[in-house]
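Participant: One structure is given below, represented as structure tokens, and several questions about it will come after.
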Amino acid sequence: MKRERKHIACFHLYNDFSGSPKVLKIVLDILLKGGHRVDLITSRGGILDTIESSDRLRRHSYNYHFSSRAIVTMARYAIIQIYTFFMSLRWMFERDVEFYINTILPVGPALAGKMMGKRVVYHYHENACSKGRIYRILAWMMQQLADEIICVSAYQAGRLRRQSKVTVIPNTLPAEYVKDLTQIGGGTFDHRRVMMLTSLREYKGIGEFVELSKRMPEYDFALVINDTEEEIARYFKSHKIDGSTQSNLTIYPRQRDVVKFYREASIVINLTDKNRAIETFGLTMLEAMYAGLPVIVPTEGGIAELVEDGETGYKIDVQDPTEIEAKIRRILSDRAKYEDMSRKSRQRAYRYDVRNMVSEIERIFGE
């Protein structure tokens, strides 16, 4: 029997080079290759712009970006929700269209989809419980509006009040990207470089990373921040962080290609403060593990599910810089231990093969 192809209207608020649009690109590639028709509604200027053109893909773009002023960001967010709500009404009389909502932020089209009787599938990337009241309200609305919720980790799914029609599909990486990462090998132990890739958020441990570089002058530190040079400079000034005097610390703005950074790194760390935010997955850690790099991550969240403590890296609280320093020194002072961790890290990463996501996504949208 021939499988029915669907028409999917996909909504994503902010198209940049962070984890959730990267995962969305993989999902859309799966859907398009599966013969489904996709309308993609998102902002301009990120990784979703690189999706290969197809006669089954239609793009609808708008301008959107965050502001350093919360009230401005909220106003822009509200305008986009109103815009996408009314835009969604164009599919009112199309019986076969389904709504795919990436992250909990596009609530406008989700509400419109539910009102029109469309099937609404949410791809839930955040951990709303550890964020502000607005995120918790959006998570509550998701649980009321969604016909199906995709969670990226067991940790995340376990914190939803709703348990029916909830599927855990761990994040993954495109096959061609995995190939680039797995070609990295050899010499990383001798580079003695500690790297962190992060967004420009206070709870991400940027200040702690800079302080760590000061405590360990014999190692190189690379900080890759997913934002512009202007915003990074403004953030460092407002938070009184001084990294300009550190000869062993290099700070990079938003990058389109991060493979070269993994090639130069020895260890990749994540310093998210679990008391202020919980990482629901940790895509950069998976990238690092595919590159054969030991990792250091927080002790809680979906990110902790990636790591076997003492085997592929370590789980440590950001509040314990002395222990983080000790673990870095332990990894980079023993070549045999490092190479064993490197091998096990890559083996662990292969559990998150893209083929597992393909089968699950095809099942969900084939129902």
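The values are calculated or read from the model by the stated rules, or taken from the named source; none is laboratory data. This is a predicted model, so every value here is computed, not measured. When we count neighbours, we look across all protein chains shown, and the Cβ atoms used for this are built from the backbone with ideal geometry, even at glycine. Quick note on the areas: whole protein, heavy atoms, side chains included, nothing else; ligands and nucleic acids left out. Shrake-Rupley method; radii C 1.70, N 1.55, O 1.52, S 1.80 Å.
Participant: I'd like the accessible area for Arg56, computed on protein heavy atoms only with a 1.4 Å probe and all protein chains in place. Round to 10 Å², please.
Facilitator: 90
Participant: Residues with beta-carbon under 13 Å from that of Val258, excluding Val258: net charge, scoring Lys, Arg +1 and Asp, Glu -1?
Facilitator: +1
Participant: Still on this structure: Which distance in Å, rounded to a whole number, links the C-alpha centroids of the range 68-130 and the range 183-244?
Facilitator: Using only Cα atoms, the two centres lie 34 Å from each other.
Participant: Under 25 °C and 0.890 mPa s, how fast does the range 202-305 diffuse according to Stokes-Einstein, given a Kirkwood radius computed over C-alpha pairs? Answer in µm²/s, whole number.
Facilitator: The estimated diffusion coefficient comes to 169 µm²/s.
Participant: Please express the Cα-Cα pair-distance distribution P(r) of the chain as a list of whole percents, one per 20 Å bin, running from 0 to the bin with the greatest distance.
Facilitator: 29, 57, 14, 0
Participant: Next up: 5 Å is the cut-off here: which amide hydrogens, built 1.01 Å from N in the peptide plane, fall below it relative to His125, excluding neighbours closer than 5 in sequence?
Facilitator: Under 5 Å from the amide H of His125: Thr103, Ile104.
Participant: Right, next: Which value, in debye to the nearest 20, gives the size of the charge dipole of the chain about its Cα centre, when Lys and Arg are +1 and Asp and Glu are -1 at the Cβ?
Facilitator: It works out to roughly 1000 debye.
Participant: Normalising by the residue count of the chain, find the relative contact order in percent from Cα pairs under 8 Å and 6+ residues apart.
Facilitator: 15
Participant: Once you have the Kirkwood Rh of the range 217-367 from its Cα pairs, apply Stokes-Einstein at 25 °C and 0.890 mPa s and quote D in µm²/s.
Facilitator: Answer, rounded: 144 µm²/s.
Participant: Can you give me the long-range amide H partners of Val224? Hydrogens built in the peptide plane at 1.01 Å from N, cutoff under 5 Å, separation of 5 or more residues or another chain.
Facilitator: Under 5 Å from the amide H of Val224: Met196, Leu197, Thr198, Tyr252.
Participant: If I require 24 Å or longer along the helix axis, counting alpha carbons, and a Kyte-Doolittle average no lower than 1.6, what helices from the chain are left? Use full DSSP H segments.
Facilitator: Helices meeting the span and hydropathy rule in the chain: none at all.
Participant: In addition: So if I average 1/r over every pair of distinct C-alpha atoms in the range 154-253 and take the inverse, what Kirkwood radius in Å does that give?
Facilitator: 16.6
Participant: Taking 7 Å along the Cα-to-C-beta vector as the label spot, tell me the Phe86-Glu323 distance in nanometres, rounded to one decimal.
Facilitator: Roughly 5.4 nm, to one decimal.
Participant: I want to check the label-to-label distance for Arg351 and Ile134. Put each point 7 Å from Cα in the C-beta direction and report it in nm to one decimal.
Facilitator: Distance between label points: 3.6 nm.
Participant: To continue, here is another question. Using r as the Cβ-Cβ distance of Arg76 and Gln144, and R0 as 30 Å, what FRET efficiency do you calculate, to the nearest 0.05?
Facilitator: Once the sixth-power term is evaluated, E becomes 0.75.
Participant: Follow-up question, since we're still on this one. My understanding is that a pair violates if its Cα-Cα distance is over 23 Å; which of Lys274/Lys315; Lys214/Lys237; Lys179/Lys274; Lys131/Lys237 do that in this structure?
Facilitator: Too far apart for the 23 Å limit: Lys179/Lys274; Lys131/Lys237.
Participant: Could you sort His7, His191 by their accessible area in this structure, using a 1.4 Å probe and putting the largest first?
Facilitator: The most accessible residue leads, giving His191, His7.
Participant: Relative contact order (percent) for the range 133-278, with alpha-carbon contacts under 8 angstrom and 6 or more residues of separation?
Facilitator: Dividing the mean separation by the residue count of the range 133-278 yields 26 percent.
Participant: Expressed as a rounded percentage, what relative contact order does the range 109-160 have, with Cα pairs under 8 Å and six or more residues apart?
Facilitator: With pairs under 8 Å counted, the relative contact order is 43 percent.
Participant: Hey, for a label at Asn248 modelled as a point 7 Å past Cα toward Cβ, could you say which residues of the range 327-351 have their backbone N under 16 Å away?
Facilitator: 327-334
Participant: I've got another one for you. From largest accessible area down, sort Lys25, Lys165; use a 1.4 Å probe on the protein chains.
Facilitator: Lys165, Lys25
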